[in-house]
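Colleague: Can you read through this structure? Questions will come right after.
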């Protein structure tokens with residue numbers, strides 16, 4: 001077998017944070033700049049075929065991590081959402097399933113994935129002007145894989161009375177008292193509390 005040698009390392013044109021690595025004068029794979037340092041990749045370095053395969057795997061990992069990082073930065077996501085995203089990408093590209101756990105752990109260490117921060121963001125932004133019940137928020141957060149103790153902590157500061165009043169302000173002209181109470185109950189609010197607030201608010 002011919003000797004394998006890293007003959008050139010060039011900055012990628014489309015991504016300044018990646019470099020293209022050439023083996024025996026032919027493009028072979030790309031790496032994040034941090035990976036080049038961590039893996040000790042240097043121009044003129046002789047490598048075995050086994051090392052080449054490991055470097056190619058590192059390249060796959062780096063690309064998937066970068067895509068996932070960019071996706072997580074678009075808005076907060078729960079760990080389950082990130083896991084589902086990664087599973088889909090790994091399946092589509094036929095990559096090593098171990099990448100999923102490794103990438104999630106790396107993102108958690110860097111605080112890009114944090115279920116408590118996600119739950120607080122979700123509770124604060126979910127129908128912030130329209131109003132939403134604690135019951136509905138709990139159900140939605142559970143579907144997103146957030147642990148019950150985190151949900152309890154986040155929803156402790158949630159006030160259903162304020163949320164009900166938000167909805168009444170929006171819907172009062174459209175519904176009479178009874179229909180408004182029914183609507184609010186369908187949104188997950190307590191019937192007794194809903195009835196009291198609707199009656200106390202009057203027709204205008």
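The values are calculated or read from the model by the stated rules, or taken from the named source; none is laboratory data. Given the structure is predicted, the values throughout are model-derived calculations rather than measurements. FYI the Cβ positions are ideal-geometry reconstructions off the backbone, even for glycines, and counts take in every protein chain you see.
Colleague: Across the range 2-41, what is the number of residues that are under 27 Å from the mean Cα position of the chain (by Cα) and part of a strand (DSSP E or B)?
Modeller: Total satisfying the criteria: 5.
Colleague: Next question. Of the conditions (1) touching a residue at least 12 places away in the same chain (Cβ under 8 Å); (2) over 27 Å from residue 98 (Cα atoms); (3) in contact with a helix residue (DSSP H, G or I) (Cβ under 9 Å, 6 or more places away or on another chain), residue 11 satisfies every one except a single condition; which number is it?
Modeller: For residue 11, the failing item is (1).
Colleague: Same structure again: Does residue 88 satisfy the condition of being in contact with a strand residue (DSSP E or B) (Cβ under 8 Å, 6 or more places away or on another chain), assigned to a helix (DSSP H, G or I) and not assigned by TED's automatic domain parsing to the domain that holds residue 187?
Modeller: no
Colleague: What pairs come out if I take residues in the range 181-194 that are on the phi > 0 side of the Ramachandran plot and touching a residue at least 12 places away in the same chain (Cβ under 8 Å) and pair them with residues that are surrounded by 14 or more Cβ atoms within 10 Å (Cβ to Cβ) and outside any helix (DSSP H, G or I) whose C-beta lies under 8 Å away, six or more apart or interchain?
Modeller: Sorted first by the residue in the range 181-194, then by its partner, the pairs are 188/132; 188/133.
Colleague: I've got another one for you. For the range 164-173, which positions are in contact (Cβ under 8 Å) with a residue 24 or more places away in the chain, part of a helix (DSSP H, G or I) and touching a helix residue (DSSP H, G or I) at 6+ places or on another chain (Cβ under 8 Å)?
Modeller: 164, 165, 167, 168
Colleague: Please tell me if residue 147 is farther than 19 Å from residue 85 by Cβ and at pLDDT below 80.
Modeller: Against the criterion (farther than 19 Å from residue 85 by Cβ and at pLDDT below 80), residue 147 does not qualify.
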